[in-house]
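Student: This is the structure I have questions about; it appears just below.
Just so you know, all these numbers are worked out from the coordinates, no wet-lab data involved. As the structure is a computational prediction, the values presented were derived from the model and not from experiment. In this analysis, Cβ positions are derived from the backbone assuming ideal geometry, glycine residues included, and neighbour counts consider all displayed protein chains.
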Amino acid sequence: MTDALPASNGRGPLHRPSDDVPRQYPWPVPFGWYQVAWTDELAPGEVKPLHYFGRHLVLWREETGEARLNDAFCPHLGAHLGHGGKVSGSLLVCPFHGWEFDAEGRNCRIPYSEKVNKTASTRAYPMRDVNGLLMAWYHPFDEKPLWEIPALDEFAGDPDWTEPVARDFVIKAAWQELAENSVDSAHFHFVHHTDVVPELESYEYGFPTQRMRSKQRFPTPQGVVDGRIDVDTVGPGFGVTRFSGIVDTALMGCNTPINAHTCHLRFTFSVKRLGDDAGTSTVGRAFVNEVTNQVIEDIPIWENKAFVPRPALADTDGPYMKFRKWASQFYAEGVDDGVDYFVPPPPDPRKPIEVVELGRTSAARHRSV
Ligand code: FES
Ligand SMILES: [Fe+2]
């Protein structure tokens, strides 16, 4: 008598539950700098629970102003520091028994003991406050940052540029699926119904950067205007797209993995002033809405598609394979591309088909241009 399952039930390979759940993606969470908040969302002394990189996190700001990010669970008995934790000066205080932790996550005071617990610590993530964004460095093996995020003139308070305008979306797809959109010129016509598609002039990549230069013709009531779309990406979590032609616009796109199959995409726009505020506002708002609507149009494709490691491409398709080589540099845990299709989970037959609200843009983010 043995407990081992038979290799076959006589009708083909034995059907184990795990066979029903194919891997949706070949990728783990890539390493890099990721936006975890806008700077103005976190006041001195404030504490917030977050969940990114497949981890429970606590975001907090010292009373003197530095923003911090740590793993959420207290090493004493596991309280979530983001739910009821408080800031005292430059320390984070656990809500359960009052232990205090510094920016490095080290225990530095136990209120009912003379000693600290030197082994008690919670992982600290390097943070930067740049371009009005709070960026955190994630690496699965806790390696130190390998690059920095550049400070951009358009987001430095120059009065020639408008106050930033923000939009965000939670999307049930992996980081790389969204990022690949940037090299996909053919989909503009079919998904976004644009008459003219960007014409790629050059695509170059290194580590951690990616650089794309494109020409774009914009049809207007006054005729066609020649414009440009120039994209500079720095690692998986930060890119700036500069649009010119009708109105100069800078767009920071920050795509933060919530886990390996869901991400939080944040856009921050600034528009170069046209001379009259009303005109800037009208043109700027139309532009922001157009880009936002394009994401909303992309979402059903991203959320339902398979990932095809060896795609069947047209000779005029964009530089997908170069893009994928660039992206592959950020997976410290390796990539599994041993199957032909990575597919989404099957729909649950007990549930009616879910009608997903496309794009989540919180009311607080509707600041006027
Ligand atoms: S669980 Fe945090 S102090 Fe006890
Ligand atoms: Fe798109």
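Student: Work out the length of the dipole vector of region 32-138 about its Cα centre, built from +1 on the beta-carbon of each Lys and Arg and -1 on the beta-carbon of each Asp and Glu, and round it to the nearest 20 debye.
Tutor: Its charge dipole is roughly 360 debye.
Student: Using the per-residue mean of other Cβ atoms lying within 10 Å as a proxy for protection, in what order, highest first, do the peptides 267-274, 331-338 fall?
Tutor: Ranked from most to least packed, the peptides come out as 267-274, 331-338.
Student: To continue, here is another question. Can you pick out the pairs among LYS144/LYS272; LYS144/LYS305; LYS86/LYS172; LYS86/LYS115; LYS144/LYS322; LYS272/LYS305 whose Cα atoms lie more than 30 Å from each other?
Tutor: With Cα atoms farther than 30 Å apart: LYS144/LYS272; LYS144/LYS305; LYS86/LYS172; LYS272/LYS305.
Student: Determine, for each peptide in 185-197, 217-229, the mean count of other beta carbons within 10 angstrom over its residues, then list the peptides with the highest first.
Tutor: By packing density, highest mean first, the sequence is 185-197, 217-229.
Student: Arrange the peptides 38-47, 140-149 so that the one whose residues have, on average, the most other Cβ atoms within 10 Å appears first.
Tutor: 38-47, 140-149
Student: Taking 7 Å along the Cα-to-C-beta vector as the label spot, tell me the GLU333-ARG310 distance in nanometres, rounded to one decimal.
Tutor: According to this spin-label approximation, the distance is 2.6 nm.
Student: Sticking with this one: If the viscosity is 1.567 mPa s and the temperature 4 °C, what Stokes-Einstein diffusion coefficient in µm²/s follows for region 32-138 when Rh is the Kirkwood radius over Cα pairs?
Tutor: 95 µm²/s
Student: If you build the Cα gyration tensor of region 25-85 and take the root of 5 times each eigenvalue, what three semi-axes come out, in whole angstrom, biggest first?
Tutor: In descending order, the three semi-axes are 22, 17, 8 Å.
Student: Quick one: Kirkwood hydrodynamic radius for region 174-237, alpha-carbon pairs, angstrom, one decimal?
Tutor: For region 174-237, inverting the mean 1/r across all distinct Cα pairs yields 13.1 Å.
Student: Now for a separate question. For the chain, I need the span (max minus min coordinate) of the C-alpha atoms along each principal axis, in Å, sorted largest to smallest.
Tutor: 75, 69, 42
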